[in-house]
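Have a look at the structure below, then the notes.
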Amino acid sequence: MLRRTFAAVLTGAALSVSMLTAPSAGAAEIMATTLTYDDSQAAEFKDAVAAGVNVWNTNVTNVRIVKATPGQRVNIRVIADNGWPRATLGPVRPSGTVTVWMGRQAVQQGYYTPRIASHELGHSLGLPDVKPGPCSSLMSGSTGGVSCKSVNPNAQEKARVQQLYAGTAVPSADAGKVLAEVG
Ligand SMILES: [Zn+2]
């Protein structure tokens, strides 16, 4: 609807700009929000965090997560510590900052670190916990089972993030709170 309004108002000059900037984007796609992350305090979890970032970048199109370059504003700060994993509930915007804690307590119990990272980043992107839930649900977190190695959001979880970054869904009332996983 919004795009049609723009198309009706703007002239051929706008069309050539959009062709230059988004040659592979489909006509209905919106411009993705780019968020930065910093893993300089992620210690032994850097690979797991990179895997979690990749999960989101391959599952949704309305938001992209890239590594912050020196001096750039960090939107998602990842910190390793000895507690339970936890994260600020988003959706974080390019003007904001949230934190993901990759807590070692869950790792010691045998939980799969890429799933932890993907789950906590799901919180950064505005998804609350859905517990208890099956392994096929990313936001079921620890209730998906200690042997669960599923790292991908399900269709509902993907759709919710797409909507939050398209501005077509209202964020949870808990946005901004820190959600802790418990053992
Ligand atoms: Zn959680």
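The values are calculated or read from the model by the stated rules, or taken from the named source; none is laboratory data. This structure is a prediction, so every number in the text was calculated from the model and none was measured. For neighbour counting, all protein chains shown are included, and Cβ atoms are generated from backbone atoms with ideal geometry for every residue, glycine included. Ligands, DNA and RNA are stripped out before the accessible areas are found, and what is left, the full protein with its side chains, is counted by its heavy atoms. Shrake-Rupley method; radii C 1.70, N 1.55, O 1.52, S 1.80 Å.
Quick rundown of the values:
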| quantity | calculated |
| --- | --- |
| Environment charge at PRO85 (Cβ cut-off 13 Å; Lys +1, Arg +1, Asp -1, Glu -1) | -1 |
| Derived scalar couplings ³J(HN,Hα) [segment 55-63; Karplus, 6.51 cos²θ - 1.76 cosθ + 1.60; whole Hz; x for Gly, Pro] | 4, 5, 5, 9, 9, 10, 10, 7, 9 |
| Where segment 15-165 is the region considered: accessible area per residue in Å², 1.4 Å probe | 46 |
| Whether segment 91-160 is rounded, prolate or oblate, judged on the alpha carbon gyration tensor where a/c under 1.5 counts as rounded | oblate |
| Pairs of Cα atoms farther than 21 Å apart, segment 26-180, % | 38 |
| Trypsin sites (Lys or Arg not before Pro) restricted to DSSP loop in segment 119-183 with at most 16 other C-beta within 10 Å | LYS149, LYS177 |
| Under 5 Å, built H, 5+ apart or other chain: amide partners of THR99 | ARG77, THR88 |
| Where trypsin sites (Lys or Arg not before Pro) fall in DSSP loop in segment 63-147, at most 12 other Cβ within 10 Å | ARG73 |
| Beta bridges per DSSP with both ends in segment 26-180, % antiparallel, nearest 5 | 25 |
